[in-house]
Amino acid sequence: MSRYGLEAQAGDVLDGGSLARVFLGADAVIHLVGIISELSECTFENVHAGGTTNAVAAARQAGVARFVHMSALGTRPQARSRYHQSKWAAEEVVRRCGMDFTIFRPSLIFGPEDQFVNRFAGLIRFSPVVPVLGSRTARFQPVAVESVARAFVASLAEPRAFGQTYDLCGPQSFTLARLLDEILEVMGRRRLKLRVPCVVARGQAAFLEFVFPRLLGRPAPLNREQLIMLQEDNVGNSEPANQLFGLEPLQFKEGIGYVKS
Ligand SMILES: NC(=O)c1ccc[n+]([C@@H]2O[C@H](COP(=O)([O-])OP(=O)(O)OC[C@H]3O[C@@H](n4cnc5c(N)ncnc54)[C@H](OP(=O)(O)O)[C@@H]3O)[C@@H](O)[C@H]2O)c1
């Protein structure tokens, strides 16, 4: 039992059989599982589409009535990235699940343990130069982890959310370069921002995708799917979720004080 009064039980979405017994007696399943980088059989298709199929089947088998699903902003049919394509396939599984479902599509999520803002903050701490990857114009609408968590919890007992899909976005949108400026301002640092040409970034990502799994047995810290996503706008309309769940999304700068430490 954790300090939050929760009981942890292990399960693997690639192994449907491991889930049904975990879900027994549950009123709802909140399905958060996802990856941003692939490793051996943990591909986007297997984890997102296959894993969601297994989770839905196990929830139904366990008699669960409510299914709340974590998707991602930018998920759509014929998306450019395989990440978003597999998230769309997962959404389609959820839409056909026969339970009272809700789907959330957050933009980039920030919070004390996030992997995006913290990665840039880490670079800023030790390097005089910070790379800017992706498009000059693509915009992001980062959302605080507190808003995302609040929406998931509030949706559980909200019948108006049944069968619905909601964007979760912050109140501001930024290009990647502007987002870095915001992080630099909060950290009180100045750094040279170096724009990395697409072809160079793709080469680096391909190299990391080859080396990391083979030599270190770990997913690559940067991959070509992420670069595709950094070239697209990632903005949405959070008003329906904000109103229904009473969310008051934090300004980006207000929510990233953790980068100072
Ligand atoms: N971070 C963002 O900006 C963002 C934005 C939009 C949507 N999302 C979505 O939010 C969800 C959580 O992402 P995150 O950023 O919080 O990533 P994360 O910290 O890596 O969380 C992913 C979780 O999925 C679990 N998981 C991975 N493979 C699994 C498997 N085969 N079986 C069971 N559990 C497995 C991981 O467990 P272990 O730690 O035990 O491996 C981890 O708890 C994902 O669906 C992601 O697509 C994230």
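What are the pairs, 6+ residues apart or on separate chains, where a residue within segment 6-34 that is farther than 20 Å from V47 by Cα and hydrophobic (A, V, I, L, M, F, W, C) has its Cβ under 8 Å from a residue that is modelled with pLDDT under 90 and more than 8 Å from the ligand (Cβ to nearest atom)?
Note: pairs meeting the criteria are A8/S2.
Restricting to segment 181-201, name every residue that is touching a helix residue (DSSP H, G or I) at 6+ places or on another chain (Cβ under 6 Å) and either among the hydrophobic types (A, V, I, L, M, F, W, C) or assigned to a helix (DSSP H, G or I) (or both).
Correct list: E182, I183, V186, M187, A201.
Exposed (fewer than 15 other Cβ atoms within 10 Å of the Cβ) and closer than 30 Å to S238 by Cβ - does that describe any residue in segment 48-58? Step through it out loud before you land on a result.
We begin by selecting, within segment 48-58, every residue exposed (fewer than 15 other Cβ atoms within 10 Å of the Cβ); these are none.
Taking every residue of segment 48-58 in turn, none turns out to be exposed (fewer than 15 other Cβ atoms within 10 Å of the Cβ) and closer than 30 Å to S238 by Cβ.
Tell me, please, whether a residue that is touching a Phe, Trp or Tyr at 6+ places or on another chain (Cβ under 9 Å) and of a type in the set (K, R) can be found in segment 67-82.
yes
With the structure loaded, tell me whether R3 is assigned to a helix (DSSP H, G or I) and either at pLDDT below 95 or acidic (D, E) (or both) or whether it fails that test.
no
This table checks each residue for (1) surrounded by 17 or more Cβ atoms within 10 Å (Cβ to Cβ); (2) without any contact (Cβ under 8 Å) to a residue 24 or more places away in the chain; (3) not polar (S, T, N, Q).
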residue	(1), (2), (3)
G98	no, no, yes
S107	yes, no, no
F110	yes, no, yes
D114	yes, no, yes
V117	yes, no, yes
V130	yes, no, yes
F162	no, no, yes
D181	no, yes, yes
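Being in contact with a Lys or Arg (Cβ under 7 Å, 6 or more places away or on another chain), of a type in the set (A, V, I, L, M, F, W, C), modelled with pLDDT of 95 or more and within 21 Å of F110 (Cα to Cα): is that true of V143 here?
On the way: in contact with a Lys or Arg (Cβ under 7 Å, 6 or more places away or on another chain): no; of a type in the set (A, V, I, L, M, F, W, C): yes; modelled with pLDDT of 95 or more: yes; within 21 Å of F110 (Cα to Cα): yes.
For V143, the condition - in contact with a Lys or Arg (Cβ under 7 Å, 6 or more places away or on another chain), of a type in the set (A, V, I, L, M, F, W, C), modelled with pLDDT of 95 or more and within 21 Å of F110 (Cα to Cα) - is not met.
Filter segment 132-153 down to the residues that are within 21 Å of E91 (Cα to Cα) and surrounded by fewer than 16 Cβ atoms within 10 Å (Cβ to Cβ) and list them by number.
Listed by number, the residues that qualify are A149, V153.
Considering every residue within segment 60-72, establish whether at least one is farther than 18 Å from L19 by Cβ and touching a residue at least 40 places away in the same chain (Cβ under 8 Å).
Pass one, segment 60-72, residues farther than 18 Å from L19 by Cβ: 71-72.
Okay, now just the ones that are also touching a residue at least 40 places away in the same chain (Cβ under 8 Å), so 71.
There is at least one residue in segment 60-72 that is farther than 18 Å from L19 by Cβ and touching a residue at least 40 places away in the same chain (Cβ under 8 Å).
The values are calculated or read from the model by the stated rules, or taken from the named source; none is laboratory data. On a predicted model such as this, the values are computed, not experimentally measured, just so you know. Here Cβ is always computed from backbone atoms with ideal geometry, including for glycine, and neighbour counts include all displayed protein chains.
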